[in-house]
Amino acid sequence: MSLQKIPGLIDIHVHLREPGATYKEDFYTGSRAAIAGGFTFIIDMPNNPTPTISNISLEEKVNLTKQKALCNIGFHFGTNGKNIEEFKYAIKSPNVFGLKVYCNHTTGEMLIEDPKLLEDVFSNWNSKKPILVHAEGEQLSTAIYLGNKYKRNLHVCHISQKCEVEMVREAKKKGQLITAGVTPHHLYLTKEALISLKGYAMMKPPLGEDSDREALWAGLKDSTIDMVESDHAPHTKEEKQTGPDNKAPAFGVPGLETTLGLMYKAVKDGRIIEEDVIKFLYTNPKKIFNIPDQKDTYVELDPSIPYIVGENKYESKCDWSPFEGMTLYGKPQTVVINGKKILENGMIINNK
Ligand code: DOR
Ligand code: ZN
């Protein structure tokens, strides 16, 4: 094995479920999953059972991560359109990196359907910290309109459809302050996967057609899409199977442990070049979300060495992956965070 040193990677889009749903994941297991996957700085989303839309709930999370997390963690603040008073504090907080706005239904209770409330959110988030939108199709054109009107840094999360790539490309051409992230599952899977994976392939936004998938790779190639974000969204196996009451499976798939390997596979497959891996998982997210330097932090791996997803189990509490059995490349062998070795020979050695 010939190890190379890369920076500690950044994932700006994870759901670590604490507080409120720690039977799926918590800051300890979620940060272990991050480290196993080469991420040393991750940003947690606000759609907890009690959403992170107040400064009290934000501080609770900050304290929990101090006690439990093994890697660096930041947060996106949430909004239901009625917590505008809380924005000032969140904007000032060094722990907050953006504002997450849900324009489509998904896990959690933060959907903003009222256009007036949505506009209030855009006008009042008076900050360089990005507004991150979950906005599919038509919803995205509204978000782009408002982002332009208020000159906000708009980040389009988990872009998934060809028409959305075109909208972002157009907005960029016009000089709008807009960026986009894509998930590995939207890059690798189409709705065909529902046949074999059933509920395990259900997520928001849903998987699309092959033409959507190709448009996403093309978007990465021409810099319409700026980064890869895992949207690590762990749910238990029970929650992903349709229950006897026919309850629909929960939306979302875990991704922290497979994102980097899938990107090195994309290099092997000739989809991207090796430098792109660092651009999509470090340089661009760092710049766009203004993430501080991580001192004495790095990862060592050999991108030519294959491994099989699931062969050594998972660090994530949910204990499954939609990519189980797939051959990926470049499993992290060493991770050092803030001068402390946390992973050695591919194993986490430094526990809390
Ligand atoms: O599939 C998803 N799962 N999409 C989201 O937007 C939320 C996430 C979750 O929190 O489960
Ligand atoms: Zn998400």
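Please treat every number below as a calculation from the coordinates, not as lab data. Small disclaimer: the values here were computed from a predicted structure and weren't measured. Virtual Cβ from ideal backbone geometry, glycine too; neighbours counted across all protein chains shown.
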Which residues qualify? For His155, with a placed amide H closer than 5 Å and at least 5 residues away or on another chain, they are Ile131, Leu132, Val133, Thr179
Rounded to one decimal in nm, the spacing of the 7 Å Cα→Cβ label points at Leu117 and Glu166 is 3.1 nm
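Once Rh is set to the Kirkwood radius over Cα pairs, what Stokes-Einstein translational diffusion coefficient, in µm²/s, holds for the stretch 86-201 at a temperature of 4 °C and a viscosity of 1.567 mPa s?
The Stokes-Einstein estimate is 85 µm²/s.
Rank the residues Met167, Met263, Met326 as a footprinting-exposure proxy: fewest other Cβ atoms within 10 Å of their Cβ go first.
Placing the least packed residue first, the sequence is Met326, Met167, Met263.
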What helix-only [θ] at 222 nm does the chain give? Using -39500 (n - 2.57) per DSSP H run of at least 4, over all residues, to the nearest 500, the answer is -8500 deg cm²/dmol
Ranked from fewest to most other Cβ atoms within 10 Å of their own Cβ, Ile10, Ile112 fall in the order Ile112, Ile10
Distance in Å, no decimals, from the C-alpha centre of the stretch 82-129 to the one of the stretch 284-339 is 30 Å
For the stretch 265-344 (alpha-carbon point model, no solvent) the Debye-based log₁₀ I(q)/I(0) at q = 0.24 Å⁻¹ works out to -1.26
For Pro234, the net charge from surrounding residues (Cβ-Cβ under 13 Å; K, R +1; D, E -1) works out to -4
Residue separation between Glu59 and Ile305 times 0.36 nm, minus their alpha-carbon distance, gives in nm 84.4 nm
Bounding extents of the stretch 140-247 in its principal axis frame from Cα atoms, largest first in Å, are 50, 27, 19
proj_area_mean for the chain (convex hull on C-alpha atoms), units nm², value 16.3 nm²
Cα extents of the stretch 184-288 along the principal axes, largest first, in whole Å, come to 48, 27, 23
Of Gly310, Gly108, Gly270, the most mobile residue in a GNM of the chain (C-alpha springs, cutoff 10 Å) is Gly270
Candidate span helices, the chain: DSSP H, at least 24 Å along axis from Cα coords, Kyte-Doolittle average at least 0.0, result none
The orientation-averaged projected area of the Cα convex hull of the stretch 1-149, in nm², is 10.3 nm²
With x for Gly and Pro, the residue-by-residue ³J(HN,Hα) of the stretch 330-346, computed from phi through the Karplus equation 6.51 cos²θ - 1.76 cosθ + 1.60 at θ = phi - 60° and given in whole Hz, is x, 5, x, 9, 9, 9, 10, 10, 6, x, 10, 6, 10, 10, 9, 6, x
For the pair Lys340 and Glu214, the simple spin-label estimate (label points 7 Å beyond Cα toward Cβ) gives in nm 4.9 nm
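Between Ile84 and Thr106, what is the FRET efficiency for a Förster distance of 35 Å, r being their Cβ-Cβ separation, to the nearest 0.05?
After rounding to 0.05, the efficiency reads 0.95.
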Residue by residue through the stretch 317-325, the couplings from Karplus 6.51 cos²θ - 1.76 cosθ + 1.60 with θ = phi - 60°, in Hz, x for Gly and Pro, are 4, 6, 6, 7, 8, x, 9, 3, x
Relative to the compact-globule estimate 2.2 N^0.38 Å (N residues), the Cα gyration radius of the stretch 230-295 stands at a ratio of 1.56
Each label sits 7 Å from Cα toward the beta-carbon; between Asn95 and Lys151 the label points are separated, in nm, by 3.2 nm
